[in-house]
1. Quickly run through the stretch 65-102 and pick out the residues that are in a helix (DSSP H, G or I), surrounded by 14 or more Cβ atoms within 10 Å (Cβ to Cβ) and within 16 Å of the ligand (Cβ to nearest atom).
2. Does the stretch 103-126 include one or more residues that are in a loop (DSSP other than H, G, I, E, B) and either small (Gly, Ala, Ser) or within 22 Å of ILE35 (Cα to Cα) (or both)?
3. Sort out which residues of the stretch 48-64 are closer than 25 Å to SER162 by Cα and not in a loop (DSSP other than H, G, I, E, B), and write them in order of number.
4. Just one of VAL167, VAL134 is away from the ligand (no atom under 11 Å from the Cβ), at pLDDT 95 or above and assigned to a strand (DSSP E or B); which is it?
5. Here are some conditions: (1) charged (D, E, K, R); (2) within 29 Å of ARG63 (Cα to Cα); (3) crowded, with 19+ Cβ neighbours inside 10 Å. ARG151 meets all but one. Which one does it not meet?
Amino acid sequence: MFDFTGKVAVVTGGEQGIGRATALALARQGASVVIGGLDDVSGNEVASECGEKGSYFHVDVTRADEVRELSRHVVERFGRVSVLVNNAGIHAIGNAVETDEEQWRRVLDVNVTGIFLVTKAILPQMIEGGGGVVVNVASEAGLLKQLETSRPANRLGAPDESAAAIVALASDDIGYATGAVFSVDGGLTAQ
Ligand SMILES: NC(=O)c1ccc[n+]([C@@H]2O[C@H](COP(=O)([O-])OP(=O)(O)OC[C@H]3O[C@@H](n4cnc5c(N)ncnc54)[C@H](O)[C@@H]3O)[C@@H](O)[C@H]2O)c1
């Protein structure tokens, strides 16, 4: 439905889950896709599934040096970046009492600082290349235990359902939606 022909997309955490579904969907719509992540085996598998326009680059989004290398690699190989999907993340699995400080800091490091570092590294290239789109993927739910029962849809979402929303937001067709927050949560936050 959406045309990403000639676009170059970077998807962090694209080795599995929502990131994998997003990478595959973008590739199906014609984008060149660079998957950035930690799991080299899965990352290379997803890159192969994306076809000849898929590639994988090892990067820890919490490491500024590695993130800068990712940015350099993408520009060297493709000349520009048109779409950045900041998807890499780790799940918080407990409430404030159950979560220790180290886990808390790690979640902030990956889920928040990681988005800052990757965006900071990619944005100058994106602007120089004429602009682009950044889609940040985040979680609205802290307590995984409550997830299935606490939403009108009465089920968890499938990765493809989140990927479809990410691809739509990344497309030129919806270019006037900027700074928007879009929920794909089975009605959790709307009830
Ligand atoms: N699955 C859900 O129900 C859900 C709900 C809301 C939001 N989200 C968000 O969507 C995103 C993806 O979720 P998912 O369920 O597909 O997760 P997942 O755990 O299946 O995949 C996360 C990916 O991020 C990568 N990653 C983790 N730390 C990294 C790091 N430091 N550097 C680079 N890559 C790293 C992992 O290797 C993995 O490929 C996350 O940001 C998550 O918070 C997920």
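1. Selection gives GLU66, VAL67, ARG68, GLU69, LEU70, SER71, HIS73, VAL74.
2. No: zero hits.
3. SER48, GLU49, GLY54, SER55, TYR56, PHE57, HIS58
4. Only one candidate passes the filter, namely VAL134.
5. (2)
The values are calculated or read from the model by the stated rules, or taken from the named source; none is laboratory data. These figures come from a predicted structure and were not determined experimentally. All Cβ positions, even for glycine, are placed from backbone atoms using ideal geometry, and neighbour counts span all protein chains on display.
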